[in-house]
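The values are calculated or read from the model by the stated rules, or taken from the named source; none is laboratory data. Not measured: the values here are computed from a predicted model. FYI the Cβ positions are ideal-geometry reconstructions off the backbone, even for glycines, and counts take in every protein chain you see. For accessibility, only protein heavy atoms count, side chains too; no ligands or nucleic acids. Shrake-Rupley method; radii C 1.70, N 1.55, O 1.52, S 1.80 Å.
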Amino acid sequence: MSIKLEIPLINYSLFQSIKKRISELFEEVTQRESDRNFLLFSILMTFGGTTWSGLSFYFDLQTAGYIPLGYVIFSIFNLYFWATKDFKRSCKALQTFLSILLPFVFQIILGGTRSTGVVMIWSLFALTSTLAFYRGKSLYYWLCIFVFLMGIVILIDHDIEHITPKSLKNYHVFNMLLMINFSMISTMLFFLSKFFVDQQLRTLNELVETNGQLISAEEEVRQNAEEISVMNDMLKESNKKLEDAYIELEKKKNVQIESMNHAILESINYAKQIQRCFLPSIHRFSEIVKDGFIFFKPRDIVSGDFYWFYKQEQYTVIAAVDCTGHGVPGAFMSLLGSEALTNIVINKQVFDSAEILNQLDLTIRKKLKQETTSNKDGMDLALTVFDSYNKTCSFSGAKNPLLYTDNEELVCIKGDRQPIGMFHPDQLPVPFTKHEFSYHENMRFYMYSDGFQDQFGGERLKKFMPKRLKNTLFENRNMEMKMQLSTLENTFSTWKKSEEQTDDVLVMGFTME
């Protein structure tokens, strides 16, 4: 028995959760900054497109004016989808590509680089802004696109000078557009740079603060670990004392349990001897029948099943009885049943099988006071009375049957459906039925309880079942009774294998002269 301290694990888990939270926070801050930067970039480029479109229409450049106007309309819808839908990456890539492409297309339509001067600088502004909301290799892809578009403009610039509108060939207009482009781009670059710097400083402050929290958490974990190390040393010593005390307690408990088990077993074994005193000796069974066996196997030391037999000059009474319960409770019932049969048959000299069961039922009900209590104990049994003068057999059964063989045929006489005892206030006692027939010495009789047929076993762990028991008895009918007993014992053991015995087992087989 030991005590384990789990505080170090808890603090370590806390430390790991803080680190994980800081990593998640850094990712959230980075993603939030990227989205904010992209939104600002898109707004500035949309503002620039609006300005280009307005100037184009002002200077009567209708064709050129529709290009930035289309970009402005596209940007509005694209930002809406970016903010409300799931395909944010596609919206961001499309917005960036058109923002880099637009200045080149606009410049080419106006007649090349000499027409307006620095319109293409807007493309450089777009490329530079990608640093604020893109990471990794994707930045190189945008640089390659920019260089590719710049190369196209350089190659075709000389060939498109002739399409420059007349209004742009005016020196004053050229200078005005040049100043507007420079002033707008310079202003945007200034505020955009300032915004990025402020944002980075703010992020750095947040990371410094969270790093301080992590350092504090690490220090707290270190201090707790030191304290717990001391506590663990103390607990180890306490655990050792507890283990020693626990081992000593287990030894005492085991000694007490062994002592109690020994006393209980002695009591039950003594009860077994008492039960045997109430029951006829199995060895005397061969004295009252021509040939016979009793397969008697209690589930526990004492049994709720019991056999009973008695021989008078003219009559021989044989019964196989199955009381409710097993073990000690069943044994008490067996003593009560055996005493009642002794009083009815031996003392009162009753040799009518049905009348024996009727009086036994009345005795059990009175002894257990079943009419005034909730007791519902009872017994099932098969009882035969043989008249040796008239060569007749009378049988009465309480739920249990009688089997006998006659001319290579197995005959089954079922018992009545009601048991002995088990009083129910809604049911009146019903007289038991008497079955009477002639017998001869070649007949073989079998009576049994339900323990054998209810035993679980076999390959599929099922019950042995009444039909299989009848077939087993019938197949071995021509053997001597001792051989039949040995076969039954082997059959039961083979079927049960390592399974626990389900109930008490009683099987009686015999022949009469």
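Can you find, within the stretch 454-497, the residue that is farthest from R299 (Cα to Cα) among those that are within 35 Å of the chain's Cα centre (by Cα) and of a type in the set (D, E)?
E459
Taking strands (runs of 3 or more DSSP E) that do not extend beyond the stretch 356-468, which have at least 1 residues that are charged (D, E, K, R)?
Passing ranges, in order: 378-387, 435-438, 444-448.
Is it true that G397 is of a type in the set (G, A, S) and modelled with pLDDT under 95? It would help to see each step written out before you state the result.
On the way: of a type in the set (G, A, S): yes; modelled with pLDDT under 95: no.
No: the conditions fail for G397.
For the list (1) without any contact (Cβ under 8 Å) to a residue 12 or more places away in the chain; (2) open to solvent by 60 Å² or more (accessible area, probe 1.4 Å), I need the number of the one condition that S486 fails.
Condition (2) is where S486 drops out.
I need a count of the residues in the stretch 478-506 that are assigned to a loop (DSSP other than H, G, I, E, B), acidic (D, E) and within 22 Å of G304 (Cβ to Cβ).
Adding up the residues that qualify gives 4.
Identify, by number, the condition in (1) closer than 18 Å to V317 by Cα; (2) surrounded by fewer than 20 Cβ atoms within 10 Å (Cβ to Cβ); (3) touching a strand residue (DSSP E or B) at 6+ places or on another chain (Cβ under 8 Å) that A398 doesn't meet.
(2)
Could you give every pair whose Cβ atoms fall below 8 Å, whose first residue belongs to the stretch 278-291 and is free of Cβ contacts under 8 Å to residues at least 12 places away in the same chain, and whose second residue is part of a helix (DSSP H, G or I), counting only separations of at least 6 or pairs across chains?
none
Report, by residue number, each residue of the stretch 360-395 that is farther than 20 Å from Q349 by Cβ, open to solvent by 10 Å² or more (accessible area, probe 1.4 Å) and in contact (Cβ under 8 Å) with a residue 12 or more places away in the chain.
R365, K367, L368, E371, N375, K376, D377, D380, K391
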